[in-house]
Amino acid sequence: MPQVISSSHIHDHYLENGEHLISHDAKVSDIGVWLKKAWDDIPNAPRESLFYGFVMWFAMFSVFLMFRQQAVMIFKYATFFVMLSPFLATGLYYIAQQLEQGKHPELKHSMFAWRNNTTEIASFALILGVVVAAWSLMTPLIAAIAQSNSLLIVNPDEGLMGFLKSEAGLNFMVFFMVGAVIISAFVFSISVITLPLLLKDKNIGVINAMILSFKVVMENKLVMLVWALTIGMFLTLGLVTLGFAMILIMPLLGYASWHAFNQLIEFDNA
């Protein structure tokens with residue numbers, strides 16, 4: 001487990017493998033800087049950036065088409081995308097790293113970026129998968145608590161809007177959103193820097209990376225809260241546009257997350 005020595009603006013983390021990492025305090029205004037850098041990255045790798053955006057749009061739109069008359073399933077899979085987004089953005093982290101080094105990223109290499117640290121990244125994907133599976137099992141329970149038996153009287157032809165206008169739908173949304181916020185906050189806290197860290201340093205294990213991610217969130221509570229809300233706002237925009245806005249939002253948030261990581265974490269190579 002990382003040992004921490006803190007000052008007012010920097011925090012020293014000594015890992016079990018002997019590495020020394022330094023985390024920095026951030027300001028809320030830094031979020032705008034991360035997004036600005038990310039926006040500038042997109043035209044520097046347009047084909048690669050838009051590929052990931054279109055993949056996310058296609059996935060989200062496909063879910064809507066398959067479950068357009070099953071509102072509970074739409075909300076269930078929407079949270080899946082939120083929880084799995086750190087892993088889905090792995091290729092974008094690689095592209096941002098290549099641009100940062102002055103290189104021209106290649107799409108095919110970004111798609112297999114996880115191979116640089118296969119075991120640890122696969123372990124993290126498994127952990128996220130367990131969380132998603134747990135949430136999948138909880139969703140029917142939430143529907144039951146919200147008295148979702150009355151969903152049977154909702155006209156299926158009205159689809160999502162008919163569901164939201166029903167009393168059962170509103171009850172479900174309240175319980176669902178509370179649960180989704182709690183689960184998403186947990187995923188955010190253990191993943192905000194985990195994958196960028198695993199990509200950049202093959203010597204750090206997934207558990208240490210998640211612990212360090214949680215510590216960084218605790219060191220920057222207000223900034224991370226605003227950052228999480230910003231991500232949530234963008235993802236909501238993506239959802240209400242049936243995934244279309246994700247064509248730009250996906251690379252924007254992926255690159256911004258990389259720039260956030262670079263500002264928050266410093267490697268002591270001394």
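The values are calculated or read from the model by the stated rules, or taken from the named source; none is laboratory data. All figures in this text were calculated on a predicted structure; none of them were measured in a lab. Please note: Cβ atoms are built from the backbone with ideal geometry, for glycine as well, and neighbour counts cover all protein chains shown.
With Val4, Val28, Val72, Val63 as the choices, which residue is of a type in the set (Val, Ile, Thr) and either at positive phi or modelled with pLDDT of 85 or more (or both)?
Val28
Under the condition of being without any contact (Cβ under 8 Å) to a residue 12 or more places away in the chain and not acidic (Asp, Glu), which residue from the range 37-51 is surrounded by the most Cβ atoms within 10 Å (Cβ to Cβ)?
Selected residue: Pro46.
Considering the range 228-244 alone, what residues qualify as being touching a Phe, Trp or Tyr at 6+ places or on another chain (Cβ under 9 Å) and either within 17 Å of Asp30 (Cβ to Cβ) or at pLDDT 95 or above (or both)?
Ala228, Ile231
What about Gly179, is it under 22 Å from Leu65 (Cβ atoms), modelled with pLDDT under 90 and in a helix (DSSP H, G or I)?
For Gly179, the condition - under 22 Å from Leu65 (Cβ atoms), modelled with pLDDT under 90 and in a helix (DSSP H, G or I) - is not met.
Suppose the filter is of a type in the set (Ser, Thr, Tyr) and either within 17 Å of the chain's Cα centre (by Cα) or not in a helix (DSSP H, G or I) (or both); does Ser123 pass it?
For Ser123, the condition - of a type in the set (Ser, Thr, Tyr) and either within 17 Å of the chain's Cα centre (by Cα) or not in a helix (DSSP H, G or I) (or both) - is met.
Within the range 53-71, can you find the residues that are in a helix (DSSP H, G or I) and either over 22 Å from the mean Cα position of the chain (by Cα) or under 21 Å from Gln101 (Cα atoms) (or both)?
Passing the criteria: Leu65, Met66, Ala71.
Out of the range 199-236, which residues are under 15 Å from the mean Cα position of the chain (by Cα) and of a type outside the set (Val, Ile, Thr)?
Within the range 199-236, Met210, Ser213, Phe214, Met224, Leu225, Trp227, Ala228, Leu229, Gly232, Met233, Phe234, Leu235 meet the criteria.
Looking at Leu225, is it within 14 Å of Ser189 (Cβ to Cβ), modelled with pLDDT of 95 or more and out of contact with any Ser or Thr (no Cβ under 9 Å at 6 or more places or on another chain)?
So Leu225 fits the description; yes.
Out of Val187, Val217, Val174, I need the residue that is farther than 15 Å from Ala260 by Cα, hydrophobic (A, V, I, L, M, F, W, C) and free of Cβ contacts under 8 Å to residues at least 40 places away in the same chain. Which one?
Going through Val187, Val217, Val174 in turn, just one is farther than 15 Å from Ala260 by Cα, hydrophobic (A, V, I, L, M, F, W, C) and free of Cβ contacts under 8 Å to residues at least 40 places away in the same chain: Val174.
If you go through the range 153-166 one residue at a time, do you hit one that is surrounded by fewer than 14 Cβ atoms within 10 Å (Cβ to Cβ), touching a helix residue (DSSP H, G or I) at 6+ places or on another chain (Cβ under 7 Å) and at pLDDT below 75?
yes
Looking at (1) more than 15 Å from the chain's Cα centre (by Cα); (2) within 23 Å of Leu15 (Cβ to Cβ); (3) in contact (Cβ under 8 Å) with a residue 40 or more places away in the chain, find the lone condition where Trp258 falls short.
Result: Trp258 passes all but (1).
Inspect all residues belonging to the range 80-103 and state whether any of them is in contact with a helix residue (DSSP H, G or I) (Cβ under 9 Å, 6 or more places away or on another chain), modelled with pLDDT of 90 or more and exposed (fewer than 13 other Cβ atoms within 10 Å of the Cβ).
yes
Given the criteria hydrophobic (A, V, I, L, M, F, W, C), farther than 28 Å from Arg115 by Cβ and either in contact with a helix residue (DSSP H, G or I) (Cβ under 9 Å, 6 or more places away or on another chain) or buried (at least 17 other Cβ atoms within 10 Å of the Cβ) (or both), does Val226 qualify?
yes
For the range 13-42, name all the residues that are part of a loop (DSSP other than H, G, I, E, B) and under 16 Å from Leu264 (Cα atoms).
Matches in the range 13-42: Asp25, Ala26, Lys27, Val28, Ser29.
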